[in-house]
Amino acid sequence: MKILVPVKRVLDYNVKARVKADGSGVDLANVKMSMNPFDEIALEEAIRIKEKGKAEEIIAVSIGIQQNQETLRTALAMGADRAILVVATDDVHKDIEPLAVANILAAIALKEGPSLILCGKQAIDNDFNATAQMLSAKLKWAQATFASEIDIKEDIVRVTREVDGGLQTIDAKIPAVVSVDLRLNEPRYASLPNIMKAKRKPLEEINPADLGVEITQRLKVIKTKEPDSREAGLILENIDQLVEKIQENVGG
Amino acid sequence: MKILVLAEINNGELAEDQTSKTVSAAATLGKVDVLCASNQCSDASTNIAKMENVENVLVLEDELFAQGLAESYSETLIDTISSYTHVFAPSSSFGKNVLPRIGGMLDVMVISDVSKVISEDTFERPVYAGNAIQTVQSIDKVKLISVRTSNYSAVPLTGSANIKKIDCKSNNTLTTFIENKMQTSDRPELTSAKVVVSGGRGVGSKENFEIIEGLADKLGAAVGASRAAVDSGFAPNDWQVGQTGKVVAPDLYVAVGISGAIQHLAGMKDSKVIVAINKDEEAPIFQVADFGLVDDLFKAVPEIEKKV
């Protein structure tokens with residue numbers, strides 16, 4: 001079976017997002033960009049499934065600007081077999097919405113015929129948490145969101161989901177789209193030999209038009225601002241003072 | 001404008017706080033209808049009918065909806081849903097699972113985690129773990145909105161809406177529910193608690209987390225945890241407060257042994273009063289705390305528990 005893993009190039013999670021002074025967005029010029037951490041977890045899971053002999057091929061897909069090929073090289077170095085880059089814009093500040101991403105991925109899925117699409121549950125830039133759900137709707141496939149455990153049994157995938165209140169286990173019929181949560185696994189680092197090997201793995205470059213998909217933006221970003229900030233407060237001298245403050249604020 | 005709210009009902013039990021606050025956000029635009037889809041809706045629909053600004057409660061009782069599986073939302077139900085101009089759901093694991101799937105079916109972009117409804121097509125939502133707030137305007141024919149409920153108050157129970165049964169053929173051949181392993185607790189629910197006591201990596205172990213739980217119980221508080229504490233296995237996943245966990249805004253948030261990573265702050269910085277206890281005076285949590293104490297938590301917390 002084939003596994004498709006979409007990977008997004010985002011502002012590195014260790015870099016603090018800075019809002020541009022003109023309110024047009026978060027500054028992405030000359031900052032460190034990395035693979036979305038949730039997508040790394042999805043890719044790691046795909047690699048582990050392949051290592052267990054339950055999958056033959058892993059295809060990584062990235063949608064965005066030309067430089068996303070760096071992200072795809074990382075994916076190939078971690079263990080993806082080949083990569084598809086969909087060049088959808090030349091502006092790093094233009095975020096492709098989950099609905100458009102789902103349309104592009106659905107077209108690729110119809111062409112490639114994967115049994116499983118493993119996605120990160122959200123991108124740490126736009127925080128939408130929507131691509132996997134929209135994609136499964138487009139394909140009319142089963143969806144299993146927020147996975148903390150994935151077990152493939154022939155034609156079903158058993159997924160334990162992190163939900164409010166605890167854990168829920170469901171069986172999803174394959175083909176399925178699974179979105180992964182933080183505690184599914186810890187992604188590996190690519191080794192130097194694998195980074196070298198990744199340079200020779202196939203990376204195909206296409207446009208949304210090649211897939212017959214037109215990108216239309218549904219949400220117009222009117223402005224981006226800094227959140228209201230909190231002032232640092234008082235450092236108290238002893239426990240009794242703290243007890244007093246807690247009692248004042250516990251309410252009736 | 002025609003506004004629908006998807007009530008969150010888990011196996012017949014209404015998530016009242018989440019649903020009421022979602023109604024509150026939706027009602028900033030006008031009167032609302034509420035869809036109750038679950039295996040057992042009589043208690044939930046009676047409750048919802050009392051919520052202010054609710055006009056009609058649509059009851060769809062079907063075993064298929066017991067566990068919130070998104071595939072149960074069939075095309076006929078989607079037809080009913082898309083006869084509305086606005087569809088709101090809480091930004092809980094239920095809403096996050098179902099609403100974008102409806103968006104995919106309707107070819108409509110979802111507007112996730114809305115912190116403020118500005119007008120019928122314009123909304124504010126946090127991005128980058130709350131490090132920026134974006135104002136977006138939707139051009140879609142139906143607006144699908146998930147609500148960051150901690151930004152809204154519950155609606156008063158002064159209404160008397162009509163309760164109507166709706167009929168809708170649904171079917172789910174794609175997913176099957178196996179089991180739930182829910183945390184049972186007598187403590188208040190994390191997202192609606194007035195007081196939250198949270199522990200971080202500094203707590204050191206699952207056993208030591210009892211110190212946090214002890215103080216929480218003394219204060220009648222919910223227990224939270226940082227991602228580091230959950231990842232280390234000190235606390236269960238549904239206690240996680242932060243960008244990818246729960247967003248809370250209690251009257252009082254007590255952060256114990258939590259350094260204050262950006263992604264944790266994203267989940268609690270709208271709390272009214274923040275108290276932090278950490279032995280590292282340089283910890284970033286002190287930058288957002290109203291009151292801080294630089295001390296060893298193992299000494300301080302038991303003493304606080306005794307004295308409050």
Practice task
Kindly provide the set of residues from segment B:72-106 that are within 7 Å of chain A (Cβ to nearest Cβ), open to solvent by 20 Å² or more (accessible area, probe 1.4 Å) and farther than 21 Å from B:Leu14 by Cβ, ordered by number.
Solution key: B:Met105
Problem - Any pair with Cβ under 9 angstrom, 6 or more apart, that starts in segment B:157-182 at a residue that is closer than 12 Å to A:Ile170 by Cα and touching a residue at least 60 places away in the same chain (Cβ under 8 Å) and ends at one that is charged (D, E, K, R) and open to solvent by 40 Å² or more (accessible area, probe 1.4 Å) - result: B:Leu174/A:Lys140; B:Leu174/A:Lys173; B:Thr175/A:Lys173
Fill in the blank from the handout: The residue that is surrounded by the most Cβ atoms within 10 Å (Cβ to Cβ), considering only those in segment B:186-208 that are hydrophobic (A, V, I, L, M, F, W, C) and within 14 Å of another protein chain (Cβ to nearest Cβ), is B:Val197
Completion exercise
Being more than 30 Å from A:Ala147 (Cβ to Cβ) and either touching a helix residue (DSSP H, G or I) at 6+ places or on another chain (Cβ under 7 Å) or crowded, with 24+ Cβ neighbours inside 10 Å (or both) narrows B:Asn237, B:Asn278 down to just B:Asn278
Handout entry: Members of segment A:107-131 found to be at the interface with chain B (Cβ under 10 Å from one of its Cβ atoms) and not aromatic (Phe, Trp, Tyr), listed by number
Key = A:Lys121, A:Gln122, A:Ala123, A:Ile124, A:Asp125, A:Asn126, A:Asp127, A:Asn129, A:Ala130, A:Thr131
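For (1) within 22 Å of A:Met134 (Cβ to Cβ); (2) touching a helix residue (DSSP H, G or I) at 6+ places or on another chain (Cβ under 7 Å); (3) in contact (Cβ under 8 Å) with a residue 24 or more places away in the chain; (4) assigned to a strand (DSSP E or B), each residue gets a yes or a no:
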{"position": "B:Thr80", "(1), (2), (3), (4)": "yes, no, yes, no"}
{"position": "B:Ser83", "(1), (2), (3), (4)": "yes, no, yes, no"}
{"position": "B:Lys96", "(1), (2), (3), (4)": "yes, no, yes, no"}
{"position": "B:Arg101", "(1), (2), (3), (4)": "yes, yes, yes, no"}
{"position": "B:Glu120", "(1), (2), (3), (4)": "no, no, yes, no"}
Practice task
Return a yes/no flag: does segment A:136-155 have any residue that is at the interface with chain B (Cβ under 9 Å from one of its Cβ atoms), touching a strand residue (DSSP E or B) at 6+ places or on another chain (Cβ under 7 Å), assigned to a loop (DSSP other than H, G, I, E, B) and within 30 Å of B:Glu13 (Cβ to Cβ).
Solution key: yes
Problem - Odd one out for A:Ser136 among (1) of a type in the set (S, T, N, Q); (2) under 30 Å from B:Pro188 (Cβ atoms); (3) under 16 Å from the mean Cα position of the chain (by Cα) - result: (2)
Completion exercise
(1) touching a strand residue (DSSP E or B) at 6+ places or on another chain (Cβ under 9 Å); (2) away from every other protein chain (no Cβ under 14 Å) all hold for B:Glu179 apart from (2)
Handout entry: Count - residues of segment A:219-233 that are surrounded by 13 or more Cβ atoms within 10 Å (Cβ to Cβ) and either aliphatic (A, V, I, L, M) or closer than 15 Å to A:His93 by Cα (or both)
Key = 6
Problem - Criterion: over 15 Å from A:Val180 (Cβ atoms), touching a helix residue (DSSP H, G or I) at 6+ places or on another chain (Cβ under 6 Å) and among the basic types (Lys, Arg) - qualifying residue of A:Lys138, A:Lys54 - result: A:Lys138
Handout entry: Subset of segment A:171-215 (residues that are touching an Asp or Glu at 6+ places or on another chain (Cβ under 9 Å), assigned to a loop (DSSP other than H, G, I, E, B), open to solvent by less than 70 Å² (accessible area, probe 1.4 Å) and farther than 17 Å from A:Met35 by Cα)
Key = A:Ile174, A:Lys201, A:Ile215
Completion exercise
Residue pairs qualifying under the 9 Å Cβ cut-off, at least six apart or on distinct chains, with the first in segment B:1-22 being on the phi > 0 side of the Ramachandran plot and the second being part of a strand (DSSP E or B) and surrounded by 23 or more Cβ atoms within 10 Å (Cβ to Cβ), are B:Asn11/B:Ser38; B:Gly12/B:Ser38
Exercise for the section: Give segment A:115-146 a look and list any residue that's touching a residue at least 40 places away in the same chain (Cβ under 8 Å) and hydrophobic (A, V, I, L, M, F, W, C), or say none. Expected result: A:Leu116, A:Ile117, A:Leu118, A:Cys119, A:Ala123, A:Ile124, A:Ala132, A:Leu135
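The values are calculated or read from the model by the stated rules, or taken from the named source; none is laboratory data. The model shown is predicted, which means the values in this text are computed figures rather than measured ones. Cβ: placed from backbone, ideal geometry, glycine included. Neighbour counts: every protein chain shown. Note: areas computed on protein heavy atoms with side chains; ligands, DNA, RNA excluded. Shrake-Rupley method; radii C 1.70, N 1.55, O 1.52, S 1.80 Å.
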